Structures are given as C-alpha cells and as structure tokens.
1. Tell me the residue from 442, 400 that is at negative phi, at pLDDT below 80, in a loop (DSSP other than H, G, I, E, B) and of a type in the set (A, V, I, L, M), please.
2. Does residue 433 qualify as being modelled with pLDDT of 65 or more, among the small types (Gly, Ala, Ser) and either touching a Gly at 6+ places or on another chain (Cβ under 9 Å) or outside any loop (DSSP other than H, G, I, E, B) (or both)?
3. Would you confirm, using the coordinates I've provided, whether residue 11 is in contact with an Asp or Glu (Cβ under 8 Å, 6 or more places away or on another chain), modelled with pLDDT under 95 and either over 14 Å from residue 490 (Cβ atoms) or β-branched (Val, Ile, Thr) (or both)?
4. Give 440, 448 a once-over and let me know the one that is more than 19 Å from residue 55 (Cβ to Cβ) and surrounded by fewer than 24 Cβ atoms within 10 Å (Cβ to Cβ).
5. Determine whether residue 448 is assigned to a loop (DSSP other than H, G, I, E, B), closer than 29 Å to residue 492 by Cβ and modelled with pLDDT under 90.
6. Are any residues in segment 24-55 under 20 Å from residue 81 (Cα atoms) and of a type in the set (A, V, I, L, M, F, W, C), and if so, which ones?
7. Scan segment 55-75 for residues that are among the small types (Gly, Ala, Ser) and in contact with a helix residue (DSSP H, G or I) (Cβ under 6 Å, 6 or more places away or on another chain) and report the count.
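The values are calculated or read from the model by the stated rules, or taken from the named source; none is laboratory data. Bear in mind that the values here come from a model prediction, so they are computed numbers and not experimental data. Here the Cβ positions follow ideal geometry from the backbone for every residue, glycine too, while neighbour counts run over all protein chains shown.
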Amino acid sequence: MKMRKIYYTDGTRRQLNLFREIIVDNFAGGGGASTGIELATGLSVDIAINHDPAAIAMHQVNHPDTEHYCESVWEVDPREAAKGRPIGLAWFSPDCKHFSKAKGGKPVEKSIRGLAWVAVRWAATVSPRVIILENVEEFQSWGPLGKDGRPDPDKKGYTFRSFVRALNRHGYKVEWKELKACDYGAPTIRKRLFLIARRDGRPIIWPESTHGDPKSAAVKSGKLKPWRTASEIMDWSLETPSIFNRKKPLSENTMRRIARGIQRFVLNNPDPFIIKVNHSGDFFRGQKLDKPLQTVTAKNGWGVVDPVLTQRGYGDPEGQRSMLDLKKPLGTVTAGGNKFAIATSHLIKLRGTCRDGQTVMNPMPTITAGGLHVGEVRAFLTKYYGSDTGQALSDPLHTVTTKDRFGLVTIKGENYQIADIGMRMLQPHELFAAQGFPANYVIDRDINGIKYSKAKQVARCGNAVPPPFAEQLVRANLPEFCVSEHMTKFARV
C-alpha cells in the first residue's frame with residue numbers, strides 16, 4: 001500500500017495512506033471549513049470546489065496540497081473527482097443569503113436556494129460516509145416560492161423536509177442542530193444550523209461546548225473556559241481618528257449612533273473598558289473583557305468609537321451642544337492642550353437597525369461579506385481636577401454632580417472628563433481573528449502574490465465558516481481522522 005510522509009512544524013511526522021478515505025469541501029470559499037477540518041485532522045482537505053476564482057486563490061495559498069476545482073458545484077462530477085477513492089467526509093456550505101432573515105422581504109432566487117441539493121447528488125453517486133451541511137438557521141424553513149418570488153408561508157419547511165427524506169432514501173441517518181461559534185472558542189456569537197448525515201451505522205455526535213458565559217456555573221467551576229471577547233481580537237495599536245474636523249464628515253446617523261453609544265457605554269457605565277495610553281497616543285491593551293463578539297457577516301458593519309467632552313460656545317448658535325442631545329450630531333470639541341490619560345472603547349454598527357452598538361466586553365457580532373460597516377469608538381479621557389465639570393476643556397461650567405454624568409466619567413472613584421472621540425473601522429485581520437481563524441492564515445494575497453483589497457478580504461471572511469465549528473464537529477464524528485492539536489501547520493490563537 002502506497003504511503004507518504006507528512007511533516008509538521010513541530011518536527012513530528014505522520015505516515016499518510018494515499019488510499020485512505022478522502023475529504024471534500026464543496027463551496028470552499030476562503031477556507032473556513034477546510035481550515036477547521038485541517039486543525040482536526042492535521043491534513044489539508046483533498047478536494048475544494050468553488051465557482052469564485054478569488055475565493056479559490058485564497059484557498060490555494062493556505063491549502064496548497066488540496067486539489068482545487070474552480071467551477072460550479074453542479075459542473076463537478078462527483079465520480080470523476082473521487083477517482084474511485086472512498087469519501088469519509090463531504091462538507092457543504094451552500095449560499096445562505098437567500099434563506100437568511102438579513103435579506104428582509106426581497107425576492108429570492110430559486111436556483112441559489114436549491115444549491116443544497118448538490119449534497120443529495122453526492123450521496124446518490126459516491127456515498128460519502130459522513131455529510132455535514134452548514135447554513136443559517138432559516139434553512140429549516142426552506143420551501144417553495146410564490147409567484148412574487150418570496151417564500152410561500154403556507155409551505156414553510158416543505159422543501160427542507162423533502163431534502164432530509166432524500167438523504168434518508170440513500171441510507172443516511174440525519175440530524176440537525178443550531179450551534180453558536182462562541183461556545184467553541186471563536187470570539188463571535190455567530191449562530192449557524194448544522195445538518196449531519198451518516199450511513200455507517202455510527203451515532204451522530206454533537207460536540208460538547210468548550211466555552212461558556214463567564215457568569216455560568218460551568219465556567220466558574222472550571223468545566224468550561226469563558227467566552228472569548230471582542231477585545232481579544234482588536235488591534236489596539238491602530239489609531240482611531242477624531243470624529244471631528246474630518247475631510248469627509250461622518251453622516252448624521254453615524255454621529256447619532258456614536259452619541260448614544262457614548263452615553264450608554266461611557267457616561268452611564270460605572271466600570272468602562274479601560275485602555276492605557278501614553279502622551280504620544282500609543283494604545284496598549286487594558287483590562288481583560290469577559291464576553292465574545294457578535295456574529296461576523298460578509299458585510300462588516302461594526303466600527304470602534306472613542307469619546308470627547310461637549311462644547312460650549314465657539315460659534316454654536318444655541319450656546320452649547322451636548323453629546324447627550326441625541327436629536328442632533330455632536331459639535332466640534334477641542335482638546336485644549338490636555339493630555340489623554342485613559343481611553344474607553346466600544347463597537348458600533350454603521351448599517352442596519354443597531355442603535356447603540358455593543359461593548360467590547362462581549363463576543364464580536366456577525367461579520368458580513370458586503371463591506372466594512374463595523375467601527376470602534378474610543379473615548380479619550382483626561383484626569384479631572386476640581387469640583388466643576390467643564391464643557392470646553394479650558395472653560396469650566398457650573399458645578400455638576402457626578403450623578404448627572406454630564407461629560408464626567410468616574411472610574412474606580414477617580415473623575416475623568418472626555419477629551420476627544422475617535423472612530424475607525426475594524427480591519428480584516430481583526431475580523432478573521434473574530435471568526436476564529438488561525439493567526440498565520442493568509443488573507444491579504446492569493447497563491448500568485450496578487451494583493452486583495454480590504455473589501456475582498458472582508459467578503460471572504462464574512463462568507464467563511466468559523467473554523468472552530470468544523471474542527472469540533474469533525475473531532476466528535478470522525479475521531480479516527482483526527483490528530484492531537486499540535487499536529488498542524490496553523491498557529492492556534
């Protein structure tokens with residue numbers, strides 16, 4: 001029997017049987033599922049299929065040993081691809097946009113919703129021992145479309161049940177369940193539906209959670225690790241430019257969202273997230289936060305924001321503009337020569353229905369494929385001396401008690417006033433980290449060295465399966481394929 005040696009970064013080696021069962025990743029995209037599978041097995045997937053040349057190019061640079069098919073899943077003949085080899089695992093992540101509630105009430109395309117049927121084609125022609133399918137939770141409602149191009153509410157779930165029965169007819173036992181990425185070590189709350197089908201008579205096993213709510217008994221007792229948080233994946237070395245006096249002013253809606261976030265996460269927060277800064281403006285990571293980021297989608301809708309005290313005078317016709325006035329954008333705020341002492345940070349979403357954003361003490365939200373819409377807001381605070389709180393940093397106002405929280409922030413009994421607010425968009429490397437990708441995963445160039453734009457990087461990220469999902473599902477259901485955690489080329493975070 002033909003064998004070859006596989007070497008790992010730690011110097012260990014493993015004999016690989018070339019006649020072993022193979023693994024196929026349909027809809028491979030940027031490689032989230034493939035990466036998770038490799039983290040579990042120590043080997044690249046054998047076959048990856050995707051119609052998008054850019055996605056395949058990113059997959060190739062990270063999984064060079066994989067055989068790549070850059071074509072529609074329907075154009076790949078499973079028998080020709082398998083070449084007579086038995087298939088241990090076939091993974092499917094069909095396009096989810098035309099099932100997701102994020103699409104709203106817009107018409108959907110039957111051809112895209114029907115992509116999942118390719119799993120039945122593989123089941124009928126090459127009989128993979130295990131099939132795993134990933135999609136949004138609304139996939140369970142898959143049914144016929146009405147004349148208006150929208151799902152028929154009276155036939156909700158009809159097609160999904162037909163899909164399951166088709167797998168049953170080919171000898172598969174089928175189960176499905178919703179899982180959250182933060183429960184398996186990814187710092188995002190992304191929730192997905194997983195369907196497992198197997199025909200080898202073995203039980204379907206759903207992996208036990210490895211992480212949980214820091215407040216839960218399981219975490220406090222040491223049974224589970226605490227959820228990883230948004231603060232863990234954020235690059236605190238990046239500047240957050242002031243929201244004032246920008247060449248292109250922020251939109252009124254963005255300014256209102258920033259104002260609401262400052263009120264909620266800074267002024268009304270008794271113990272805000274703290275980042276220490278020096279006088280040259282370099283940021284260093286502060287106290288550890290205790291929750292993961294929310295789901296990361298293909299359209300990055302989250303940014304980071306930083307606060308500034310309200311202004312008095314300076315040409316304001318009303319005499320003052322308060323950051324707490326949520327009916328209008330913030331006015332210009334000058335630093336007055338003050339040195340920033342500390343900074344607090346939170347995230348805002350610049351599109352959709354999100355009003356206030358979220359603390360970085362939680363996991364990241366869902367990352368989308370369509371663009372950068374998540375920002376960090378960082379409030380720069382300067383030590384406040386005296387009993388009065390000034391609106392302009394050089395010009396004190398009438399005495400205001402700390403309970404009024406009018407631009408005054410009390411942290412651990414010490415008073416600070418807001419000196420400036422900065423905002424920046426989260427960067428692709430932060431978003432990939434939020435999805436749970438390894439630290440050394442290549443995201444900025446393809447196999448030919450061609451650079452990817454930030455938009456393309458985010459699109460690959462938002463469409464990707466968080467690797468911890470795939471790793472834990474494979475370890476639970478295909479332990480005979482798996483290796484110890486150090487036997488992989490990818491660097492774990």
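1. 400
2. Numbers: modelled with pLDDT of 65 or more: yes; among the small types (Gly, Ala, Ser): yes; either touching a Gly at 6+ places or on another chain (Cβ under 9 Å) or outside any loop (DSSP other than H, G, I, E, B) (or both): yes.
Taking the combined requirement at face value, the residue satisfies it.
3. Considered against the rule, which asks whether it is in contact with an Asp or Glu (Cβ under 8 Å, 6 or more places away or on another chain), modelled with pLDDT under 95 and either over 14 Å from residue 490 (Cβ atoms) or β-branched (Val, Ile, Thr) (or both), residue 11 comes out as no.
4. Details: 448 fails: more than 19 Å from residue 55 (Cβ to Cβ).
Going through 440, 448 in turn, the sole match is 440.
5. Values: assigned to a loop (DSSP other than H, G, I, E, B): yes; closer than 29 Å to residue 492 by Cβ: yes; modelled with pLDDT under 90: yes.
Criteria met by residue 448.
6. Listed by number, the residues that qualify are 24, 27, 28, 33, 37, 43, 45, 47, 48, 49, 55.
7. So in segment 55-75, the residues among the small types (Gly, Ala, Ser) come out as 55, 57, 72.
Now restrict to residues that are in contact with a helix residue (DSSP H, G or I) (Cβ under 6 Å, 6 or more places away or on another chain): none.
Selection size over segment 55-75: 0.
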